[in-house]
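Working notes for the structure below.
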Amino acid sequence: MIAALRRHLETIVLIASGLVLAAGGVLAWAGDDAAARWMWIAGTVLGLVFALSATVEAARHRRPTVDIIAVLALAGALWVDEPLAGAIITLMLATGQVLEARADARARRELSLLAARAPRTARRVVGDGLVEVAVEEIGVGEHLLVRPGEVVPVDGRLAAEATLDESALTGEPEPVDRPAGGDVRSGVVNVGGPLELVTTTTAQTSTYAALVRLVEAAQVASAPFVRAADRWAIAFVPLTLALAGGAWWVSGDPVRAVAVLVVATPCPLLLAAPIAIVSGLSRSARLGVVVKGGGALERLARARVAVFDKTGTLTRGRPQLADVVPADGGDPDVALRLAASLDQVSAHVLAGPIVEAALARGLALTMPDQAEEVHGHGVRGTVEGRRVRVGRPSWIAGPDPAPWARQVRRRADLDGSMSVMVEIDGEPAAALLLRDPIRPDAPRMVRALRAAGMDRIVLATGDRADVAHMVGRIVGVDAVLAECEPVDKLTALRREGERGPTLMVGDGINDAPALAAADVGVALAARGATASSEAADVVLTVDRVDALADAILVARRSRRIALQAVAVGMGLSLVAMGAAAAGLLPPTLGAALQEVIDLLAILIALRAVLPGRLHTVAIPEEDLRTLAALRVEHDGLAPLVERVAAVADALSTQAPDLAPVLALRDALETDLLPHERADEELLVPLVARALGSHEAVAALSRTHAEIERQVARLRRLVDGLGPVPAPEDVVELRRLLYGLYAVLKLHNAQEDEGAFSLAPARVP
């Protein structure tokens, strides 16, 4: 009970002071001045005790504080019989303490989350059996068995190949294949079959234990927020005491000293500044950005260097189906429909995106029969009487894949994609290409951060260098650090910290140490809370990163308004203190004047409640509906765009089959061109209105015209071909199709980034 009271002391004092002040006001309004006076005296005494205890606590920790002024002002209010002023000072003091307590509270639960995830026991291989032992008993050189879905307890060397989820360490969502004899680190999850390993460390010296220690050390290194009043205390408290003492000594009248103390009550520091900060917190929350306290908001406003993780921050963090490549003569929709039907019962990380893509294309799925998960390979079963397998290319295509399968694998390697093969009735039917796409709002967010005053933006990721540099080039960062482990990100933060206050953005457990070590840690939690959201100072609850730019603008505006309120309020207080010291301002009038100054400072601070400049543009509801409808059409045409490249790939100069080209031409004219014309008629003016500039959409209009020109060229070329096209005509046709495909891909990226990213995200 006593512990609970201590934990909530500031809140209790805040509520009690507010009730006492209000009760006194009601009694005074009812005409019972004596009772009102006693109520306010009680409030003043409450504040005096509270401020005195805070002053003693600050002295014990050798921390400068303006609470000593509050103590003297409250005592002076009782002395000069101004209990109402004392009661108001108590309320302001309690409000400041509550805000400070919340700002000082750091998210430390990620340690418990990390510890809870760590395995407590392991299975030691002994002869032909298994013995379960505590992880603390594991030594180097022992053989352990890790079952599917379990966390690897210690670092080791694999006895056979394994499939692992290493996202806890690298942040990368895709499973990773590790060969026999390869190293495996503790903290990763076995997502294949049972694996056996030979330990190379103990639990205490393993990778995962080091990760927990990194978080703990980073948190200890992160200094707590010190409220603005304390930073002013070094100069303000001695000045106030010297002025009050000097007035008393020169005049011989202690009333002058009391008058100085009353008007010196730093309410603009204790209340006006917190009002601006709390308004900023509220505004950020309405934008989908939760800032954990005033200290975090202030640090967010000062940040000058941003370090981003890649997966889940600059990219979606979840694979999406990019293309379906059928085997020779195959139907891509049939292959996708059967694969998605089978994947409905699979828990594999790639099964969900395949099912979602099939449903988005309007394919009807059926439940499979006799479905079986083959760990480390894929899933097999029967769908509509047909035998279907979905999984690794090596499992489906075998050691000597067909030419089309080798081409798919080469394309996947070049694009940084993952490939999943589909087999129907014993024959490879198609390859599904999946990739983690760049967020369409990420480039706009990077530009907005620069406009908001961010001097340097760095990408630090565990992904391989070629993929990382490609993402960094597209979004526009200043530097790329690839293949980073948690300790590398900490090193990068320390190095970048020399350039200015740092901001770290991530969304995985592996980012928790860096989030805790940065001046401001920002986590994306739209798809659920993680250890990163617990470690972070700022949490994005909407599934878009450009909300961070809005939060920085709000933070800087709130801090600027807070400083203005403090400067005006404390400046006028200093003038009033001088008048009181000269005997021109008696205590009673000084208390009244101080309330006017406080009210003025609060009114200045309340400007932070009003909307300010944001990166996000406001779009009318009718335009949002139009944008959503066009987006549905835009996404629905993605298979047709990929079909352009597929038709070009299939063209041969030897007896070319023009039937797919003719069908493609008709589809482009009946499906694609009407959509592009609707974009020109509806989307282009919509975006121009939203951005306030027709120049901003000039590129969109130009590519609309280029697409129509290329489709017209395709029709003329096809119409001019004879029944047996010459080889050079086929080469020209293939060249035209590849060019059209490139224009379409670039144009779709432009629309994603420049138009559809303007719409507010919906949290899944």
Quiz item: Taking Rh as the Kirkwood radius, which is the inverse of the mean 1/r over Cα pairs, what is the Rg/Rh value for the range 452-523?
Solution: 0.94
Quiz item: How big is the range 306-405 by Rg and Dmax over its Cα atoms, in Å?
Solution: 15.1, 54
Practice problem: On a C-alpha basis, how far is the centre of the range 449-508 from the centre of the range 313-341 in Å? Whole number, if you could? | Solution: 31 Å
Quiz item: Give me the Kirkwood hydrodynamic radius of the range 553-603 in Å, from all C-alpha pairs, to one decimal place?
Solution: 11.7 Å
Quiz item: Tell me, what is the percent relative contact order of the range 630-739, built from C-alpha pairs under 8 Å that lie six or more residues apart?
Solution: 41 percent
Exercise. At 7 Å along the Cα-to-beta-carbon direction for both ARG37 and ARG689, put a label point, then send me their distance in nm to one decimal.
Key: 6.6 nm
Self-check item: Rg/Rg_globular for the range 580-692, with Rg_globular taken as 2.2 N^0.38 Å and Rg from C-alpha atoms
Solution: 2.41
Quiz item: What per residue convex hull volume, in Å³, comes out for the range 715-764 when only alpha-carbon positions are used?
Solution: 114 Å³
Quiz item: So if R0 is 41 Å, what FRET efficiency would ALA285 and THR626 give, r being the distance between their Cβ atoms, rounded to the nearest 0.05?
Solution: 0.90
Quiz item: For the pair ALA59 and THR382, what calculated FRET efficiency results from E = 1/(1 + (r/R0)^6), where r is the Cβ-Cβ distance and R0 = 51 Å, to the nearest 0.05?
Solution: 0.10
Quiz item: If you add up the charges near ALA549, with Lys and Arg at +1 and Asp and Glu at -1, over every other residue whose beta carbon is less than 12 angstrom from its beta carbon, what do you get?
Solution: +3
Self-check item: Cβ-Cβ FRET estimate between VAL731 and ASP369, R0 fixed at 60 Å, reported to 0.05
Solution: 0.80
Self-check item: Mean separation of Cα contacts under 8 Å (6+ apart) over length of the range 540-665, as relative contact order %
Solution: 29 percent
Practice problem: Beyond 16 Å, what share of the Cα-Cα pairs of the range 364-443 is found? Please give it as a whole percent. | Solution: 56 percent
Exercise. Please give the net charge around ALA650, taking every other residue with its beta carbon less than 9 angstrom from that of ALA650, where Lys and Arg add +1 and Asp and Glu add -1.
Key: -3
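Just so you know, all these numbers are worked out from the coordinates, no wet-lab data involved. If you're wondering where the values come from, they're calculated on a predicted model, not measured in any experiment. All Cβ positions, glycine included, derive from the backbone under ideal geometry; neighbour counts span all protein chains shown.
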